Amino acid sequence: MHIVSFENVELAYGDSPPILRDINFTLRQGSFHFLTGSSGAGKTSLLRIIFLAKRPTKGRVLLFGDHIDTLPRRALSNIRRKIGVVFQEFRLLEHLSIYENTALPLRVTGQKEAHYRANVLELLDWVGLGHCLDATPSTLSGGEQQRAAIARAVVSQPQIIIADEPTGNVDTQMGKRLMRLFIELNKLGTTILIATHDQHLWQAFDYPRLHLEAGTLSRKPVAKGNEKGRKNEKGRKNEEGRENEEGRENENEQTNKADEIQVQQGETNIKAG
Ligand SMILES: Nc1ncnc2c1ncn2[C@@H]1O[C@H](COP(=O)(O)OP(=O)(O)OP(=O)(O)O)[C@@H](O)[C@H]1O
Ligand SMILES: [Mg+2]
């Protein structure tokens, strides 16, 4: 099943020329993709369409198999609840503590605090925020706020996580740790889409990417030399039957592979229970 499907999607802001043109792609359930492109290429704009903050000016968008234009408002808010978003600018609520910000998605669905408190604390501890549960966002560093934004996006175990530059404000070590969280959630079946303009990030991992350039989107395979990733990619090709010659031609582009991380089984099992 496709969680996300874009058909001939165009997006323009106001009367300006479109910044996204004729965008076509699908995200299969359980897939993991990077969304790349230089600053201003339209990554955040494309994500906004997926999390229903922006309507395309042309084309069709299907989420969880439904054409969004045909759905009533209530169905759209149900869909929105299945999508965890890490905003590029965090969007934490200043009048709430880090603990409360993180627990908010659970609270708004009416869950009892006794039921989720331990999970939230464990998650915050894992992202290195166990020492500032009661702090308000503005008293924390950019990297700490980013980690809280990630914790809030994943805490309700959404079906898809859309993360906009989720490692842009943390150091390399913490970036890898946060990536392990996304990888572990993906192993549990969560669909992941990570927007980044950081070449080092996507080159370090075995995942295909969707690349935005001049308003159009192309699929790129995983980094060259990464045999495991290429096998995975082959599997995906067979399954989807849609990867093309262009992908193979572009393999030469990606030559550097940063040190690969090992996913420690159990280290991120906070979300399994
Ligand atoms: N609300 C808006 N109104 C008008 N133009 C906008 C708006 N949001 C974005 N744009 C324009 O759309 C283009 C794409 O912006 P977007 O934020 O999607 O890029 P991006 O790929 O996410 O960039 P970055 O890597 O810097 O985050 C830019 O030219 C930007 O100025
Ligand atoms: Mg952006």
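Each value in this text was obtained by applying a stated rule to the coordinates, not by laboratory testing. Computed from a predicted model, the values in this text were never measured in an experiment. Reconstructed Cβ throughout: ideal geometry from the backbone, glycine too, with neighbour counts over all protein chains shown.
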May I ask for the net charge around residue 11, where only other residues with Cβ less than 10 Å from the Cβ of residue 11 are counted and Lys, Arg are +1 while Asp, Glu are -1? +4
Residue 96 to residue 15: extension gain in nm, 0.36 nm per residue of separation minus the Cα-Cα distance? 25.4 nm
Sorted by Cβ neighbour density within 10 Å, fewest at the top, the residues 156, 138: 138, 156
Which residues among the range 81-125 fall inside the zone where the amide N is under 17 Å from a point 7 Å beyond the Cα of residue 1, along Cα→Cβ? 81-84
Given points 7 Å out from each Cα along the Cα-Cβ axis, report the residue 28 to residue 117 separation in nanometres with one decimal. 4.3
Which entries of 58/82; 112/176; 82/176 show an alpha-carbon separation above 29 angstrom in the structure shown? 112/176
Counting other beta carbons within 10 Å of each residue's own, what order do 95, 33 fall into, fewest first? 95, 33
Using only alpha carbon pairs under 8 Å that are at least six residues apart, calculate the relative contact order of the range 88-157 and give it in whole percent. 49
Within the range 54-73, whose backbone N sits under 11 Å from a point 7 Å along Cα→Cβ of residue 159? 63-66
